[in-house]
Amino acid sequence: MKTTATSPERSFIPYLFVAFFGFLFAADGLMAWLAVTTFTGLETSSPYEKGLAYNDTLATVRRQKELGWTTVVRLDRRGLVLAAADREGRPLRDATVAARLVRPADGRLDRTLVLTETRPGRYEAPFDLPAKGLWVVRSEVRTARDTFFATDRRVVR
């Protein structure tokens with residue numbers, strides 16, 4: 001009777017197979033853990049209340065279109081400048097202007113600023129921007145009678 005011994009070159013292949021899939025499971029587990037622990041999944045802090053106020057939001061949008069106001073935003077590493085004008089292009093004077101700077105990539109860098117009027121219709125807030133890249137500027141211009149909201153996307157180099 002003839003017996004054959006297992007070839008020494010093939011004996012390590014099952015171990016490589018197990019090691020390969022073990023590595024894949026470990027990498028996938030790490031990625032899943034990082035995804036779950038670093039993102040809350042919430043875009044807004046109170047989604048239910050915002051949903052209830054949806055009709056108010058639609059009325060605000062209609063009112064803004066009727067006003068015809070415009071804003072021009074400049075954002076750089078030194079600060080934020082906002083120019084606001086009415087339907088006829090006249091500067092909006094004596095308004096209260098606030099802006100929320102939102103960093104889509106990292107919410108920890110978000111900032112809220114109160115701008116001051118430096119010239120008629122021109123509002124500024126000097127500050128040091130914490131990072132370059134894409135920023136979303138959500139501005140709110142309030143006068144004694146009306147409120148105007150605008151959203152601008154700016155890339156800071």
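The values are calculated or read from the model by the stated rules, or taken from the named source; none is laboratory data. This one's a predicted model, so the numbers in the text were calculated from it and none came from an experiment. Using ideal geometry, Cβ is built from the backbone for each residue, glycine included, and neighbour counts are taken over all protein chains shown.
Return a yes/no flag: does the stretch 112-129 have any residue that is part of a strand (DSSP E or B), surrounded by fewer than 14 Cβ atoms within 10 Å (Cβ to Cβ) and of a type in the set (A, V, I, L, M, F, W, C). Yes, there is a match, as at least one residue in the stretch 112-129 is part of a strand (DSSP E or B), surrounded by fewer than 14 Cβ atoms within 10 Å (Cβ to Cβ) and of a type in the set (A, V, I, L, M, F, W, C). Given the criteria more than 20 Å from the chain's Cα centre (by Cα), buried (at least 16 other Cβ atoms within 10 Å of the Cβ) and at pLDDT below 95, does T60 qualify? No: the conditions fail for T60.
The rows are residues; the columns are (1) of a type in the set (V, I, T); (2) surrounded by 13 or more Cβ atoms within 10 Å (Cβ to Cβ); (3) within 25 Å of the chain's Cα centre (by Cα).
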| site | (1), (2), (3) |
| --- | --- |
| V18 | yes, no, no |
| T38 | yes, no, yes |
| E43 | no, no, yes |
| R77 | no, no, yes |
| A83 | no, yes, yes |
| D86 | no, yes, no |
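For the stretch 70-88, check the following and say yes or no: at least one residue is of a type outside the set (A, V, I, L, M, F, W, C) and more than 30 Å from P126 (Cβ to Cβ). I'd like the intermediate steps shown before the answer.
Filtering the stretch 70-88 for residues of a type outside the set (A, V, I, L, M, F, W, C) gives 70-71, 74, 76-79, 86-88.
Now restrict to residues that are more than 30 Å from P126 (Cβ to Cβ): none.
No, there is no match, as no residue in the stretch 70-88 is of a type outside the set (A, V, I, L, M, F, W, C) and more than 30 Å from P126 (Cβ to Cβ).
Among the residues of the stretch 64-82, just one is at positive phi and in contact (Cβ under 8 Å) with a residue 24 or more places away in the chain, namely G79.
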